[in-house]
Amino acid sequence: MATATTILLFFIVLPFQLQPLFAKADSNFIQKTCKATKFYDLCVSSLKSDPTSQNADAKGLATIMIGIGIANSTATSSYLSSQLLSGGSAATNDLVLKKVLKDCADKYGFAADSLQSSAQDLAAESFDYAYLHVTAAEDYPSACRNAFRRFPGLAYPPELARREDGLKRICDVVLGIIDNLGW
């Protein structure tokens, strides 16, 4: 009888003892995960703003941040496209500026595509390819900045510089999380 009670007690207590091994992304897990990134505050605030993060593992947290990066790069591509269409000022009528804005809109679209590929790679647990695609997404804004540099008369818009920095920081956070997935 004592052995049966001990075994029963063992199976009742065991799940509670193993729970930390299979922990989901409670607040402490998010903080611990974000400590491995370059931008801790961005990581924590971004993940805590998404209610699904509370039930995510590390791969899920990376996927959430990828989604934030996709939203950022898509919004920037749309912003640049709207600058092309506005045409209200003499500057937007400049053919060179229009070409550069179109090129930049395309680059941010490519960044979104690369991030989408990285999400698929994460789902397939192809962490090296996920890392590669996030790195590519992080580099596309630099190609946009370089497009402006090719034309000395064009100033790089401060709004675009702010958006570039934001996407690069988001990508850095994703790379930090992927680094710790144990691949």
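The values are calculated or read from the model by the stated rules, or taken from the named source; none is laboratory data. Since this is a predicted model, take the numbers as computed values, not measurements. Neighbour counts are summed over all protein chains in view; Cβ atoms, including those assigned to glycine, are modelled from backbone coordinates with ideal geometry. Calculation scope for accessible area: heavy atoms of the full protein, side chains included, ligands and nucleic acids excluded. Shrake-Rupley method; radii C 1.70, N 1.55, O 1.52, S 1.80 Å.
Considering only the stretch 162-174, I want to know if a residue exists there that is open to solvent by 60 Å² or more (accessible area, probe 1.4 Å), under 19 Å from Ile70 (Cα atoms) and acidic (Asp, Glu).
Yes, the conditions are met somewhere in the stretch 162-174.
Within the stretch 151-163, can you find the residues that are touching a residue at least 60 places away in the same chain (Cβ under 8 Å) and touching a helix residue (DSSP H, G or I) at 6+ places or on another chain (Cβ under 6 Å)?
Arg163
Looking at (1) at pLDDT 95 or above; (2) closer than 23 Å to Thr37 by Cα, can you tell me which one Gly109 breaks?
Unmet condition: (2).
Which residues, taken from the stretch 128-153, are among the charged types (D, E, K, R) and open to solvent by less than 50 Å² (accessible area, probe 1.4 Å)?
Glu138
Restricting to the stretch 49-81, name every residue that is of a type in the set (Val, Ile, Thr) and in contact (Cβ under 8 Å) with a residue 40 or more places away in the chain.
Those that are of a type in the set (Val, Ile, Thr) and in contact (Cβ under 8 Å) with a residue 40 or more places away in the chain: Thr63, Ile66, Ile68, Ile70, Thr76.
Keeping to the stretch 24-58, report how many residues are out of contact with any helix residue (DSSP H, G or I) (no Cβ under 7 Å at 6 or more places or on another chain) and either over 23 Å from Glu125 (Cα atoms) or open to solvent by less than 40 Å² (accessible area, probe 1.4 Å) (or both).
Of the residues in that region, 6 qualify.
Check off (1) within 21 Å of Leu97 (Cα to Cα); (2) open to solvent by less than 10 Å² (accessible area, probe 1.4 Å) for Tyr156 and give me the number that stays unchecked.
Single failed check for Tyr156: (2).
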